[in-house]
Protein chains: 4
Amino acid sequence: MIIVFKPRIRRKDEAAVLKEIKRLGYQPHIMRGVARTVVGAIGDELTHKSLESLITQFPESIESVIPVQKRFKLVSREAHPANSTVTTRGVVIGGRKVQIMAGPCSVESEKQLLATAHAVKAAGAAILRGGAFKPRTSPYEFQGLGERGLKLLAKARQETGLAVITELLSEDHAGMVAEYTDIIQIGARNAQNFQLLIAAARTGKPVLLKRGLSMRIEEWLLAGEYVLSNDNPNLMFCERGIRTFETYTRNTLDLSTVPIVKKESHCPIVVDPSQGSGRADLVMAMCKGAVAMGADSLLIEVHPNPSEALSDGAQQLSLQEFARLMTELQPFLAAAGRE
Amino acid sequence: MIIVFKPRIRRKDEAAVLKEIKRLGYQPHIMRGVARTVVGAIGDELTHKSLESLITQFPESIESVIPVQKRFKLVSREAHPANSTVTTRGVVIGGRKVQIMAGPCSVESEKQLLATAHAVKAAGAAILRGGAFKPRTSPYEFQGLGERGLKLLAKARQETGLAVITELLSEDHAGMVAEYTDIIQIGARNAQNFQLLIAAARTGKPVLLKRGLSMRIEEWLLAGEYVLSNDNPNLMFCERGIRTFETYTRNTLDLSTVPIVKKESHCPIVVDPSQGSGRADLVMAMCKGAVAMGADSLLIEVHPNPSEALSDGAQQLSLQEFARLMTELQPFLAAAGRE
Amino acid sequence: MIIVFKPRIRRKDEAAVLKEIKRLGYQPHIMRGVARTVVGAIGDELTHKSLESLITQFPESIESVIPVQKRFKLVSREAHPANSTVTTRGVVIGGRKVQIMAGPCSVESEKQLLATAHAVKAAGAAILRGGAFKPRTSPYEFQGLGERGLKLLAKARQETGLAVITELLSEDHAGMVAEYTDIIQIGARNAQNFQLLIAAARTGKPVLLKRGLSMRIEEWLLAGEYVLSNDNPNLMFCERGIRTFETYTRNTLDLSTVPIVKKESHCPIVVDPSQGSGRADLVMAMCKGAVAMGADSLLIEVHPNPSEALSDGAQQLSLQEFARLMTELQPFLAAAGRE
Amino acid sequence: MIIVFKPRIRRKDEAAVLKEIKRLGYQPHIMRGVARTVVGAIGDELTHKSLESLITQFPESIESVIPVQKRFKLVSREAHPANSTVTTRGVVIGGRKVQIMAGPCSVESEKQLLATAHAVKAAGAAILRGGAFKPRTSPYEFQGLGERGLKLLAKARQETGLAVITELLSEDHAGMVAEYTDIIQIGARNAQNFQLLIAAARTGKPVLLKRGLSMRIEEWLLAGEYVLSNDNPNLMFCERGIRTFETYTRNTLDLSTVPIVKKESHCPIVVDPSQGSGRADLVMAMCKGAVAMGADSLLIEVHPNPSEALSDGAQQLSLQEFARLMTELQPFLAAAGRE
């Protein structure tokens, strides 16, 4: 930690701070600069107490306290220099092939789900997405089919051979959801619901962690740390847009996270352009950008009849649009050296 | 709902949209304007399907779809024109007296908690706060004492007569937490963890719902709707700052929510200046502003020795600072016609 | 405009509002819905007075007023369905070829500028960028070489045949800057400095308008309207990142603006990945994404020795890095059907 | 500056960085910590080159570079420990009396302005506000009366004895505006239009600097530095709300800036609740909060007939509402120890 003193501090006050730093288990190291005196406090910041409260304790003496260590460990590139991959039902995410996860926002009926599953498989997707439990802003909106939805996903998996991803909303459902799905999705609203992250990790299933609406990248990586530190190495990060002042799109898809997560972490990075923009007419361009920038996988909402969708109709592609997307993506996959 | 057509749309395309609107259960009502044709779709938006997906279905014809009904019901002033109050252990929140909730960020030890409880009571607080389960950005930080912390809160309540508020983090703990506390707090990170909101509501205890880091006011009111629609009328909203680009403070306390929540809802509004700024040196001014603007209650972090705190030391007041705050607030309470 | 009444409004109050709407030049059109009564006010919103102040005038009766017309005209696709192009010194921006604008953040010396100009030309750039007047957050930072910088740009142009783009900071310099440059850049901090936009437009030179730090897309298009409505058809929009809560990058590059500006406007869209991220190590990925999503041009900061740069060293590429970027971009240009 | 090395860096690479730090004029000071090696670079950061570009130069070696000095000087409390005051026409801003600046958003006519001026004077205001040059998002909106508006302001001043504040939009108008006004306002959109700030400073008139829509507090203080360093000591900061994701209000008024600016700077702080919320029905509560938190002055939009206003009708108070506001503010002024 770096402690910056206020200008013109008295030696007596300085000594009091140094004594406290030592008491808290750090070795202080003084640097007298031109305009400020600065103290480097030597000690492992991950195991010692934070010194940030020194500001409160010595408000007349200290101007700021700056941490120097990164706070995430297991998810970091330093901990695992090579890319890690997640494999489920023979599908490898994080390898050379860019895996496509596609399906409806919500599972609504057998007919809707199976039609979608067969179509996305035919177009080249490897994983079927579909929400059985839906987090809705209002209690008066469709909340998902629950376990019946999970059973339909399992049936679609059996019929098509696609792997399945679905969202976990409640700790109480962790066991039930794990029974039917291949990948557990943690949604943006629950990205810092640490109890849910732990429950998901403990099922042993791969976890896809969406970025929270106003989550800094460091916080996202730290939330991922809750999965890895609970003995589950199969973690993927999923960028799905952040909340900004812009109103044209539902969210602002932050594609810079693709190279950043690749740089800071070994875990695969997935992009969700459907949630990321909230507009089906932007999904194609978003997918091309994501692939060009190095995304390992795309998570795309597809519905046989978007205007009939029980949730988020405006952002779902039709089966035809999805097939066209898969074709148009090819040259960009090739340009990126991917399949 | 209002459907805005693109300019120069053909009558044939218009007819197709109108037919679809009817099929979805609304009565269309056409207005031909100078530059745009607009359709009012008559029907109850809370019970019918959303028309927003019409944009996807008719991308060449429709420019935008605008809802006109407010989405929240039970929390709204319309539903309950008078102020509602929440009463627990004889403490009335939302009445003439501005109730002060004070205590440490985390319950750390019996000594720390009892010292704080006695001091805040002596200074005029009616409710003791203290976290037993702490949501921490990193899994390597102090996570709270758990049930032992709850027991200490109960003991402090018994010794001082203060009511107690503490945070609920996990659905699985709802019963246990409800056993020891008088008010259940839902934290900012869980403000859209709807399963947790439902679990909290069902304990029957009053619920204090903090605003999420990037939650719009409408979404906050809708989250409150999850409490009221689960048969729990004792809901308080708590402004605790939103996330912005500003880095001087930890959060940007949005005091405009005080008059806005009072206007849109009948529920009491609480302000948390400690989380709201992240800096103890701003808490005094924040409290004065909150009281002047009409807050019903303040939630303040107080610690016998902030520099020793196991969490968020930089934003906790010392016992002396808290006593001074309570004194300095008096003229502002009087100016606001409160006690 | 759409006027939404509050529930249970009396007919007398309704009549007063309708009378006022007529007085302001609109034709009211009533729709009685299930939960709300709504009025469509027919009239051209671009020529009539706004009705938004009706809320102030009738606070007990009106809940909201919603405009339905788009506010921009000349920049819109509706006004000019085909793509427009900007041509300067034989360089066409907005056509099949993706034009690269490259050069130092600031013009610092003849040697620095000429070395960069020759190198970026050799690597394939068509336009040389370089700041002669620099907007600096602090008055104590390097403010640019001023007219001497402009003369160096002109010299570099003469030597290399590259077209030149530089930023205009002051209305008073419009004539002088126009004398030396081929494209006038309006920076993010001045994106709503409308007097400067008008002064730039009136020079007759093409104008590149950067997006402001917290500018909504609609406001950006409207700022462009200041250029076109001052008889200058040669306008380009330039995405350079917006300000968000994220601190890992200097700005959040919003690549969704590429397809959105293409959809809403006929003007070319340029992407600046250097300002957009503030980190040289992200520029490569950002450029690939921008090209894949349809950008017409890239604006890239290049310096012979970034660590010696007098401004923004952290985001400038070296000459070698730039040459490598140009090579690596080729497959993505091909995939996008561009050159 | 603090330079943080990556873990496990080789001594050879370390030496190269140290050599470069020395070459750039700083004295390096090494601290070897548990997980990281950190270098303090001793030297005045305001006069030396920034070391931030070291990251670009040594990407394999350096993780981050952290400045430790505050960048603002003349506006800082350190430079001038006592409060400074601004006096114009006998009105002292920053003293015991909270000065009220009130008047219409735009000067529209002699009748409108004089009616407002007399009314706000009668209610207790000391300064008349009114825009003669208006920055409008769209070129098709009312742009102000220009010099005719300035003449009306001068006339109102003569009739009422009120001091006058109006906005400067163009460097070219600095002389003209200074001729008619007592205080020059720099609007939010021009808060980092440094040329305009310099032109305003050089008129010698007091300058009121509004906070930009997404300006960090440090940047705002630095923009003020442009005024003080151009030999004009009469600077006021004006909080007017920032842009956030919230859509209920037009801006989010950040009242925490009141105590923060008071703490960091000696200059007076003014609050504009009209722009700050965009809603007349919130102005009263905002004013009470601002006074309670220590604001030196309030800037309030008042119009004889808000629904007829040519700009921003929704946020202007009527004359009656303003008079009531002035009365209701009294107890809060008393509570704050102000007049």
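Are there residues in region D:294-339 whose accessible area shrinks by at least 50 Å² when all protein chains are included rather than the chain by itself, and which are they (probe 1.4 Å, ligands and nucleic acids not counted)?
Residues meeting the cut-off: D:S307, D:E308, D:F332, D:A335.
Quick one: with label points 7 Å out along Cα→Cβ, list the inter-copy distances for A:G124 in nm, shortest first?
Inter-copy label distances (nm, one decimal, shortest first): 2.4, 6.9, 7.1.
Just to confirm the numbers: B:K22, label point 7 angstrom along the Cα-Cβ line, distances to the other copies in nm, shortest first?
3.2, 8.8, 8.8
Using a Förster distance of 60 Å, how high is the FRET efficiency between B:I30 and B:R324, based on the Cβ-Cβ distance and rounded to 0.05?
Once the sixth-power term is evaluated, E becomes 0.40.
Can you sort A:L209, D:L213 by 1.4 Å-probe accessible area, starting with the largest?
D:L213, A:L209
Give the shape of the protein assembly as shown as rounded, prolate or oblate, defined through the alpha-carbon gyration tensor: a ≥ b ≥ c are the square roots of its eigenvalues, a/c under 1.5 means rounded, and otherwise the shape is prolate if a/b is larger than b/c and oblate if not.
Rounded, because the longest to shortest axis ratio a/c is under 1.5.
With an 8 Å cut-off on Cα pairs and a minimum separation of 6 or more residues, tell me the relative contact order of region C:25-137 in percent.
Rounded, it is 14 percent for region C:25-137.
Ignore the peptide's own chain and count Cβ atoms of other chains within 10 Å of each Cβ in A:273-284; give me the average, rounded.
The per-residue average across the peptide is 3.
Ranked highest first by average number of other Cβ atoms within 10 Å, how do A:125-131, B:189-195, C:268-274 line up?
So the order, starting with the most tightly packed, is C:268-274, A:125-131, B:189-195.
For chain D, calculate the relative contact order in percent as a whole number, restricting contacts to Cα pairs under 8 Å that are 6 or more residues apart.
With pairs under 8 Å counted, the relative contact order is 16 percent.
Which FRET efficiency value, to the nearest 0.05, is calculated for B:K19 and A:E159 with the Förster distance at 25 angstrom and r the Cβ-Cβ distance?
Approximately 0.15, to the nearest 0.05.
With a/c under 1.5 counting as rounded, go ahead and sort region C:245-339 into rounded, prolate or oblate using the C-alpha gyration tensor (a ≥ b ≥ c being the square roots of the eigenvalues; past the cut-off, prolate if a/b is larger than b/c, else oblate).
Note, shape of region C:245-339 comes out oblate.
Given H placed 1.01 Å from N in the peptide plane, which residues other than close sequence neighbours of D:M236 have an amide H under 5 Å from its amide H?
Long-range HN contacts for D:M236: D:V207, D:L208, D:L209.
For the protein assembly as shown, report the accessible area per residue in Å² (1.4 Å probe, heavy atoms, rounded to an integer).
32
Tell me which of B:S265, B:V291, B:T252 sits at the most positive position along the dipole axis of chain B, charges placed on C-beta atoms (Lys, Arg +1; Asp, Glu -1).
B:S265
Where is the GNM fluctuation largest for chain B (alpha-carbon springs, 10 angstrom cutoff): B:I186, B:I165, B:I217?
Taking springs between Cα atoms under 10 Å, the residue moving most is B:I217.
How much length, in nm to one decimal, is gained on full extension between B:K111 and B:N230, taken as 0.36 nm per residue of separation minus their Cα-Cα distance?
Working it through step by step, the gained length comes to 39.0 nm.
Compute the Kirkwood hydrodynamic radius of chain A, taking the inverse of the mean of 1/r over all pairs of distinct Cα atoms, and give it in Å to one decimal.
The answer is 21.7 Å.
Using alpha carbon centroids, what distance separates region D:271-339 and region B:284-303, in Å?
When both Cα centres are located, 21 Å separates them.
Identify the residue of chain B whose Cβ lies closest to the rotation axis that maps chain B onto chain A, and give that distance in whole Å.
Minimum Cβ distance to the axis, with residue: B:S214, 2.
Compute the separation of the alpha-carbon centres of region D:78-142 and region B:118-153 and state it in Å as a whole number.
Taking the Cα centre of region B:118-153 as reference, the centre of region D:78-142 is 48 Å away.
What helices in chain D pass both tests, a Cα length along the helix axis of 15 Å or more and a mean Kyte hydropathy of -1.0 or higher, using whole DSSP H runs?
Membrane-span-like by this rule: D:110-123, D:147-160, D:217-228, D:280-293, D:319-335.
Could you tell me which residue out of B:A122, B:Q99, B:A132 lies farthest along the dipole of region B:90-141 toward its positive end? Charges go on the beta carbon: Lys and Arg +1, Asp and Glu -1, centred on the Cα centre.
The residue sitting most towards the positive pole is B:Q99.
With only Lys, Arg, Asp and Glu charged, each at its Cβ (+1 for the first two, -1 for the last two), find how big the charge dipole of region A:189-339 is about the Cα centre; round to the nearest 20 debye.
Once rounded to the nearest 20, the dipole reads 160 debye.
Ignore the peptide's own chain and count Cβ atoms of other chains within 10 Å of each Cβ in A:221-229; give me the average, rounded.
Whole-number average of other-chain Cβ neighbours for A:221-229 is 3.
Find the centroid of the Cα atoms in region B:218-239 and in region A:1-44, then give the distance between the two in whole Å.
A separation of 47 Å, based on Cα centres.
Among rounded, prolate and oblate, which fits region A:45-148 when a ≥ b ≥ c are the square roots of the eigenvalues of its C-alpha gyration tensor, a/c under 1.5 means rounded, and a/b larger than b/c means prolate?
Oblate is the answer for region A:45-148, as a/c is 1.5 or above yet b/c matches or exceeds a/b.
For region B:66-206, give the share of DSSP beta bridges that are antiparallel, in percent and rounded to the nearest 5; count only bridges with both residues there.
Expressed as a percentage, antiparallel bridges in region B:66-206 total about 25.
List the residues, sorted by chain then number, that are 5 or more residues from B:I62 or on another chain and whose placed amide H is less than 5 Å from its amide H.
Result for B:I62 returns B:K6.
What ranking of C:K155, B:K12, B:K70, D:K22 comes out by heavy-atom accessible area, probe 1.4 Å, highest first?
The ordering from most to least exposed comes out as B:K12, D:K22, C:K155, B:K70.
When only Cα pairs under 8 Å and 6 or more residues apart are kept, what is the percent relative contact order across region D:146-288?
Here the relative contact order equals 16 percent.
Per residue of D:56-63, what is the mean number of Cβ atoms on other protein chains within 10 angstrom of that residue's Cβ?
Going residue by residue through D:56-63 and averaging, the value is 4.
So for C:F72, D:F142, what's the accessible-area order with a 1.4 Å probe, most first?
I get D:F142, C:F72, largest accessible area first.
With labels modelled as points extended 7 Å from the Cα through the Cβ direction, what inter-label distance (nm, one decimal) is found for D:R202 paired with A:H118?
It works out to 7.7 nm between the two label points.
May I ask you to report, in nm to one decimal and beginning with the shortest, the distances from B:R136 to the same position in the other copies, taking label points 7 Å along Cα-to-Cβ?
Distances to the matching label points in the other copies: 3.8, 4.4, 5.7 nm.
If you build a Gaussian network model of chain C, linking Cα atoms that sit under 10 Å apart, which residue out of C:A285, C:A123, C:A309 swings the most?
Of C:A285, C:A123, C:A309, the most mobile in the Gaussian network model is C:A285.
May I ask you to give the percent of accessible area on chain A that is carbon plus sulfur, with a probe radius of 1.4 Å?
50
The values are calculated or read from the model by the stated rules, or taken from the named source; none is laboratory data. All of these numbers come straight from a predicted model, not from anything done at the bench. As a convention, Cβ positions derive from the backbone with ideal geometry for all residues, glycine included, and neighbour counts pool all protein chains shown. The accessibility values were calculated without ligands, DNA or RNA, using every heavy atom of the protein model including side chains. Shrake-Rupley method; radii C 1.70, N 1.55, O 1.52, S 1.80 Å.
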